[in-house]
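Please find one structure pasted underneath; my questions will follow.
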């Protein structure tokens, strides 16, 4: 894991054209290079080169790949993964051959789908008929038992079937079960074959029971026919799974190679390419290219200092264990090149905030279990779509659960009960007004704790910002900015004055020259920001009028002063929400505890407490998660995270690129 | 209730859903798919995932169409849940249009079985039999042996008065067109009456949208029945929906006895100048060489043009006041347009149309 974003280097290489394919595959296999188009290189480097021209239609490859994916989808088959070893094994695919295979599969599927459709129509008809029979809606169906005079029974059976009726044999009789709405057609057929209805009531009764039995058997038979067709479709795809997987990998490798080669330019015998690589991989990449070209190549490295830092892609590496928190950072923005990696700080602050707002050993354990079971379920069913509890949320819950349990240990809460002694203070007792002794004995104490927690977070943000500014060599901003050193001093003095004021019973501020100097000197330095910046701009050739400088200085100072005062104050007080949610959590659990005592029945008590815990986990857990996110994004990130970076996206086997068309 | 509190939640929800409506990419993939099965599989994992599942289970695109229909009913019901009573009643009238389409399908099946003597057996499973707005026993209609049974099944619904105007004999003699035409008229009548329950701002939005809708319908009726089927003046007058500016202008000429198809084109040119070139190219007096198939094709072009025009108008509504019924009407229209596009492509794939032909018909 890196504390800062990774140092990057730009590689420019010239290799023999006949080695290009091997180099491309080797670089994709490593997956650590982000390619830069040669058109984006300086003018003089571009003159003698031509753009890459593909020998096969990329669109046709993409279409074929999409068709294979569609077939896989129909067979409920997961897409294969490409390994580095596959890169060498797969060559440029023969699209004609693949098309023939896909067309053959499509023909089989279409044929079976047509069968499936016909079977389904019969199922619909039988189901409707059986439904009427079961509900005894005789006005909608008709049952006949009888004989025919004509001897061509196969013709009779065919015609009855095509009129939508069901024909069965019963001893020497025919039985016909039909919908009355089809009678006009059916009657014509019966007349033609001189149908004679059986007049014996006992035969009618027995035959009807038999017909019901047979039609229900028919219904089952049709259902199993349908399942068999479905299986045939799946089997027809599964039989070709390996072959299709191979083609899919070929197409995917081809598309990736084409994507990379589109960044290449060529002279008659050489290939030129360029791209960003983390500095730590410099030697490895150089060795790969040298190896693939048998040493016949020229490689140049450009240091990040030679390029505008805003154009250098940013690679952030965090420990695998911090992955869920990296997503929180990614969702916000990409850090600036060379700045601090916010992930470890977010991980700590997010879990700390959650633990303070949702502190309970039992509920934390449930959250952990939900996360664990969800993650295992997604692992077991990799094709499963993300539900309300997505894969990511399940992973995050596995961290928040233990955080909540730790909070529960500090505050002695288990499923809303104080079954174990608190390590710090009993939150329930404090909120419910019966705390005895201890460090905190009322809700004001809790508010004070969360405000102090907020101050720590804000100061951490300020210090991280100062480190970033020093690394970026932006010393003027470091001194003059509201999040710079002067802003920090003003904040520190403000906190000291406020705590003194509260400590004096809201009567007085510190009677010390430090307060005056602590405010006046930083304020004066911030006031100087305007003239100093004007002087720096003038030295860079952008001279401003004196009146303009004076106006800007006054205006900027007023705005900065207002922002420092209101911004820091509101950011700090914003942390009171941590206390608010913690108190709400305790209050809700207390309310459920009181409600559970009303029925005076132990079973009802347990049920009410289970319901209470479920509701609190769902509602409070969600609120605490959202508020922790909000505090990180707005109060913490605001101090040091500019989010102006460009994310480093090397091409690898997992890249989600398609065609470049 | 203020417009903001009435629409803040539902319109934000609908705007988000408009953003989720299928991109051209999905439609493009469906068109490019070489067969029906692959076209349907494009829908897997999208908002229409359920349609893919229906096809996977049945292999029947008519079942897919039924599922799409049921989704349409379900989303209207969902809209009602978020509306106050008056606006909810208006949405119910919009749902009656869907109910009317379902009823027409049922009656068409009955007609096929009892008048044309076709066997309809399994076809009944392609129509929705659940209650949409009014309590209609669809099983009674689909299984009716006589027309009177249908009329009886519709007692207590707004459609009863229309159905009771016809007899078995009328239906056998004239077919279902007059009945279906009167049902269309009934819906517009009920729709315009329901505007009175809306707030004045909503009423204005809804009225402006549906007055254009009526005009478009009358223009298409004029072309389809006037130019294509060559209806006489009296028959045409019965087809027109008696609302909107096109009808008003045509009626004036009809009453004055100076109505001609060429003058109708002039009226439409005045009211909807953009559509004039297509209309004029369909005038047989100017272009005697036109065949029926030419007119049919041009009618489709005009329908498509008018549909695009409506689409633009709804897009304009979306950029206007966010707290009116306009957002909901735009969503309903855009969603319906997308559903129709999906249905069209799936049918085309079923009949093995070439990619080019599908594009031509969609354009």
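Taking region B:101-129, which residues are more than 13 Å from every other protein chain (Cβ to nearest Cβ) and either free of Cβ contacts under 8 Å to residues at least 24 places away in the same chain or within 18 Å of residue B:71 (Cβ to Cβ) (or both)?
Passing the criteria: B:101, B:102, B:105, B:128.
Just one of (1) assigned to a strand (DSSP E or B); (2) within 14 Å of chain B (Cβ to nearest Cβ); (3) under 26 Å from residue B:150 (Cα atoms) trips up residue A:143, so point out which.
(2)
Okay, next question. Return the total of residues in region A:337-365 being over 21 Å from the mean Cα position of the chain (by Cα), outside any helix (DSSP H, G or I) and modelled with pLDDT of 90 or more.
Here the count works out to 6.
Within region A:366-406, count every residue that is assigned to a helix (DSSP H, G or I) and either surrounded by 13 or more Cβ atoms within 10 Å (Cβ to Cβ) or touching a strand residue (DSSP E or B) at 6+ places or on another chain (Cβ under 6 Å) (or both).
Qualifying residue count, region A:366-406: 28.
Report, by residue number, each residue of region A:226-241 that is within 12 Å of chain B (Cβ to nearest Cβ) and touching a residue at least 40 places away in the same chain (Cβ under 8 Å).
A:226, A:229, A:230, A:232, A:233, A:234, A:236, A:237
Could you count how many residues in region A:7-18 are at pLDDT 80 or above and outside any strand (DSSP E or B)?
1
Please verify whether residue A:244 is part of a helix (DSSP H, G or I), closer than 29 Å to residue A:59 by Cα, within 14 Å of chain B (Cβ to nearest Cβ) and under 33 Å from the mean Cα position of the chain (by Cα), treating the condition exactly as stated. Even if it seems obvious, please write down each step before you answer.
Values: part of a helix (DSSP H, G or I): yes; closer than 29 Å to residue A:59 by Cα: yes; within 14 Å of chain B (Cβ to nearest Cβ): yes; under 33 Å from the mean Cα position of the chain (by Cα): yes.
Judged against the criteria, residue A:244 is a match.
Just a yes or no: is a residue in region A:149-160 under 55 Å from the mean Cα position of the chain (by Cα), assigned by TED's automatic domain parsing to the domain that holds residue A:216 and closer than 28 Å to residue B:59 by Cα? Break it down stepwise before answering.
First pass over region A:149-160, keeping only residues under 55 Å from the mean Cα position of the chain (by Cα): none.
No, region A:149-160 contains no residue that is under 55 Å from the mean Cα position of the chain (by Cα), assigned by TED's automatic domain parsing to the domain that holds residue A:216 and closer than 28 Å to residue B:59 by Cα.
For region A:158-186, give me each residue that is at the interface with another protein chain (Cβ under 10 Å from one of its Cβ atoms) and either in a helix (DSSP H, G or I) or more than 27 Å from residue A:202 (Cβ to Cβ) (or both).
A:162, A:163, A:164, A:180, A:181, A:182, A:183, A:184, A:185, A:186
For the condition more than 9 Å from chain B (Cβ to nearest Cβ) and in contact with a helix residue (DSSP H, G or I) (Cβ under 7 Å, 6 or more places away or on another chain), what is the one hit in A:123, A:77?
Numbers: A:123 fails: more than 9 Å from chain B (Cβ to nearest Cβ).
Answer to the selection: A:77.
Moving on to the next point. Taking residue A:191 as meeting all but one of (1) assigned to a loop (DSSP other than H, G, I, E, B); (2) within 14 Å of another protein chain (Cβ to nearest Cβ), write down the number of the exception.
That leaves (1) as the condition not met.
Got a sec? Which of A:440, A:467 is at pLDDT below 90, in the same structural domain as residue A:413 (by TED's automatic domain parsing) and touching a helix residue (DSSP H, G or I) at 6+ places or on another chain (Cβ under 9 Å)? Please lay out each step first, then the result.
Numbers: A:467 fails: at pLDDT below 90.
Answer to the selection: A:440.
Only one of A:613, A:661 is touching a helix residue (DSSP H, G or I) at 6+ places or on another chain (Cβ under 8 Å) and modelled with pLDDT of 90 or more. Can you tell me which?
On the way: A:661 fails: modelled with pLDDT of 90 or more.
It is A:613.
Shifting gears a bit: Give me the helices (runs of 4 or more DSSP H) completely within region A:483-592, filtered to those with at least 1 residues that are in contact (Cβ under 8 Å) with a residue 60 or more places away in the chain and in the same structural domain as residue A:362 (by TED's automatic domain parsing), ordered by residue number. Walk me through how you get there before you give the answer.
Values: elements: A:485-503, A:513-527, A:529-539, A:546-562, A:568-573.
Per the criteria, A:485-503, A:529-539, A:546-562, A:568-573.
Here's the yes/no breakdown for (1) over 22 Å from residue B:351 (Cβ atoms); (2) touching a residue at least 60 places away in the same chain (Cβ under 8 Å); (3) within 14 Å of another protein chain (Cβ to nearest Cβ):
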{"site": "A:88", "(1), (2), (3)": "yes, yes, no"}
{"site": "A:111", "(1), (2), (3)": "no, no, yes"}
{"site": "A:114", "(1), (2), (3)": "no, no, yes"}
{"site": "A:119", "(1), (2), (3)": "no, yes, yes"}
{"site": "A:134", "(1), (2), (3)": "yes, no, yes"}
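Residue check, residue B:65 against (1) surrounded by fewer than 20 Cβ atoms within 10 Å (Cβ to Cβ); (2) within 12 Å of chain A (Cβ to nearest Cβ); (3) under 15 Å from residue B:347 (Cβ atoms), all met but one. Which one?
Residue B:65 satisfies every listed condition except (2).
State whether the residues of region A:411-421 include one that is over 28 Å from the mean Cα position of the chain (by Cα), assigned to a helix (DSSP H, G or I) and either within 18 Å of residue A:621 (Cβ to Cβ) or without any contact (Cβ under 8 Å) to a residue 12 or more places away in the chain (or both).
First, pick out the residues of region A:411-421 that are over 28 Å from the mean Cα position of the chain (by Cα): A:411-421.
Now restrict to residues that are assigned to a helix (DSSP H, G or I): A:411.
Still in the list and also either within 18 Å of residue A:621 (Cβ to Cβ) or without any contact (Cβ under 8 Å) to a residue 12 or more places away in the chain (or both): A:411.
Checked region A:411-421: at least one residue is over 28 Å from the mean Cα position of the chain (by Cα), assigned to a helix (DSSP H, G or I) and either within 18 Å of residue A:621 (Cβ to Cβ) or without any contact (Cβ under 8 Å) to a residue 12 or more places away in the chain (or both).
Quick one: how many residues across region B:29-48 are assigned to a helix (DSSP H, G or I) and either at the interface with another protein chain (Cβ under 8 Å from one of its Cβ atoms) or on the phi > 0 side of the Ramachandran plot (or both)? Spell out the reasoning first.
Going residue by residue through region B:29-48, those that are assigned to a helix (DSSP H, G or I) are B:29-32, B:36-41.
Subsequent filtering for residues that are either at the interface with another protein chain (Cβ under 8 Å from one of its Cβ atoms) or on the phi > 0 side of the Ramachandran plot (or both) retains B:29, B:32, B:36-38, B:41.
Total satisfying the criteria: 6.
Now a separate question. Just to be sure, is residue B:132 more than 8 Å from chain A (Cβ to nearest Cβ), touching a helix residue (DSSP H, G or I) at 6+ places or on another chain (Cβ under 7 Å) and under 17 Å from residue B:70 (Cα atoms)? Reasoning before the result, please.
Details: more than 8 Å from chain A (Cβ to nearest Cβ): yes; touching a helix residue (DSSP H, G or I) at 6+ places or on another chain (Cβ under 7 Å): yes; under 17 Å from residue B:70 (Cα atoms): yes.
So residue B:132 passes the test.
Give the residues of region A:90-107 that are more than 14 Å from chain B (Cβ to nearest Cβ) and without any contact (Cβ under 8 Å) to a residue 12 or more places away in the chain, sorted by residue number. Spell out how you get there, then give the answer.
Of the residues in region A:90-107, the ones more than 14 Å from chain B (Cβ to nearest Cβ) are A:90-94, A:96-97.
A:94, A:96, A:97, listed by residue number.
Between a residue in region A:68-81 that is without any contact (Cβ under 8 Å) to a residue 60 or more places away in the chain and any residue that is assigned to a loop (DSSP other than H, G, I, E, B), which pairs come within a Cβ distance under 6 Å, given they are 6 or more apart or on different chains?
Hits for this filter: A:73/B:44.
The values are calculated or read from the model by the stated rules, or taken from the named source; none is laboratory data. Quick caveat: nothing in here was measured; it's all calculated off a predicted structure. Positions of Cβ are backbone-derived with ideal geometry, glycine not excepted, and every protein chain shown enters the neighbour counts.
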